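**Q** First, the structure itself, so that you have it in front of you.
The values are calculated or read from the model by the stated rules, or taken from the named source; none is laboratory data. Being a predicted model, the structure only gives us computed values, none of them experimental. Counting neighbours? That spans all protein chains shown, and the Cβs are built from the backbone with ideal geometry, glycine included.
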């Protein structure tokens, strides 16, 4: 039931100079009056300032030119890139949209606008822009690469691969294209092929930490642990505080029993849940609980920490110190929402018909689904018909859940999202299908509507099971692990805290298991693009 993370491209799809750090530059703007006859020189000067990272000076020059010529597409394009690099992505996209309105045949602006929209997770807008860019400039490796990233993020892997390969056919030394195709191959469970392209990226850009990290990820899948450790250490040598590299190395060190060194990696990455798990592995139980209590505010909405806290509290006989949702198994609710025959059964058929038309990926990389298909998490984005009715019904049921627990004082209720944002995805499991234990740490409340269950499966097969352990927590006691098993019926909705681990029991029936999973998302920390 894990979501496909919307907009998670293989590598960042960026406009001009995508690897430059996004930050406001401290240079003081020098605003001078620009005569019309001097504008070409002024534009070149602004470009030079931008390339040198002097964004404020470049922006001041662009604004002065636009005061005289508000629709100059070159300047709108450049200013859009400046705003993007300064962390003002939405403003950057608006400026690029003005540039392509002024000059629809401006291929570079169409490409950069498409790339920017991918980063802003506006995938359906990005794809046509990038197709336009390719139509204007078929030999642009960057346009094919960016379109590949957009299609990858939108859950169209085969189409993405084609554009990655086209980009490399145009420019085999394109670092981002090698990274994108290599990472795509790894996610498609083809790590041997992935290593070829990721190794090429490392050779082309040995100073790029991301190349070493992606290569390390592929080497992990090939069980080449020693080589993976080397790749992560190379990335850390380049960027000592790189979180991805430190977490990747930390996980390998944990698998080798080197918990002390892993603890240092996780602390560097501010990976608090992994850090806490290391303390448990090391038997430092007092430090574990002390750390949770000392950083209560920082971890209050960290659902991985909440999961670990509930597990440790149960096995060590301590009160659960995490405030999100102590005793999460007590907060599972089963609702007979559409279990009646007649109109409700027809509604389930309508839902099945709608979701069956959506693009679904077989065993999407990095998610829990095995022997099954899964869509991306945009099921309720611009929804209509049966899906729109379902969205409204789920919002109503979540409101009832909130009312039930409104007086408990737990963070789950106290910090209930002020804006109701639902993401949902469709999961279709076939014979042998299942999902391993996982939780939804980026959600707040999670749930599932069951559309169809295998009728011929023996008792237990195809059921959903809840528990406190994802499978790799250290053993802390001989207590039997608490679990909750439910064999759902079509039309039932199950609601539960997003921190709670759950899995699907494998089934061997020829009938398929169909469901729609969803998350109520927490309030966004930063809405700015």
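**Q** Sort through 105, 80, 155, 114 and tell me the only one that's part of a loop (DSSP other than H, G, I, E, B) and surrounded by 19 or more Cβ atoms within 10 Å (Cβ to Cβ).
**A** Numbers: 105 fails: surrounded by 19 or more Cβ atoms within 10 Å (Cβ to Cβ); 80 fails: part of a loop (DSSP other than H, G, I, E, B); 114 fails: part of a loop (DSSP other than H, G, I, E, B).
None of the other options fit; the residue is 155.
**Q** To continue, here is another question. Residue under question is residue 270, and the condition is that it be surrounded by fewer than 20 Cβ atoms within 10 Å (Cβ to Cβ) and modelled with pLDDT under 90; does it hold?
**A** no
Here's the yes/no breakdown for (1) surrounded by 17 or more Cβ atoms within 10 Å (Cβ to Cβ); (2) farther than 26 Å from residue 121 by Cα; (3) at pLDDT 95 or above:
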residue: 144; (1), (2), (3): yes, no, yes
residue: 184; (1), (2), (3): yes, no, no
residue: 201; (1), (2), (3): yes, no, yes
residue: 205; (1), (2), (3): yes, yes, yes
residue: 246; (1), (2), (3): yes, yes, yes
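**Q** Also, I was wondering about something else. Looking at 340, 388, 350, 330, which is the one that is in contact with a helix residue (DSSP H, G or I) (Cβ under 6 Å, 6 or more places away or on another chain), surrounded by fewer than 16 Cβ atoms within 10 Å (Cβ to Cβ) and under 19 Å from residue 492 (Cα atoms)?
**A** Numbers: 340 fails: in contact with a helix residue (DSSP H, G or I) (Cβ under 6 Å, 6 or more places away or on another chain); 388 fails: in contact with a helix residue (DSSP H, G or I) (Cβ under 6 Å, 6 or more places away or on another chain); 330 fails: in contact with a helix residue (DSSP H, G or I) (Cβ under 6 Å, 6 or more places away or on another chain).
Answer to the check: 350.
**Q** May I ask you to verify whether residue 399 is farther than 30 Å from residue 188 by Cβ, in contact with a helix residue (DSSP H, G or I) (Cβ under 7 Å, 6 or more places away or on another chain) and loosely packed, with under 13 Cβ neighbours inside 10 Å? Spell out the reasoning first.
**A** On the way: farther than 30 Å from residue 188 by Cβ: yes; in contact with a helix residue (DSSP H, G or I) (Cβ under 7 Å, 6 or more places away or on another chain): no; loosely packed, with under 13 Cβ neighbours inside 10 Å: yes.
Considered against the rule, which asks whether it is farther than 30 Å from residue 188 by Cβ, in contact with a helix residue (DSSP H, G or I) (Cβ under 7 Å, 6 or more places away or on another chain) and loosely packed, with under 13 Cβ neighbours inside 10 Å, residue 399 comes out as no.
**Q** Quick check: is even one residue across region 444-454 closer than 21 Å to residue 329 by Cα, assigned to a loop (DSSP other than H, G, I, E, B) and within 19 Å of the chain's Cα centre (by Cα)?
**A** yes
**Q** Please find, within region 273-299, the residue that is surrounded by the fewest Cβ atoms within 10 Å (Cβ to Cβ) out of those that are within 24 Å of the chain's Cα centre (by Cα) and under 20 Å from residue 470 (Cα atoms).
**A** Here the residue is 273.
**Q** Another question, then. Could you tell me which of the residues 303, 348, 358 is within 23 Å of residue 464 (Cβ to Cβ), in contact with a strand residue (DSSP E or B) (Cβ under 9 Å, 6 or more places away or on another chain) and modelled with pLDDT of 95 or more?
**A** Answer to the selection: 348.
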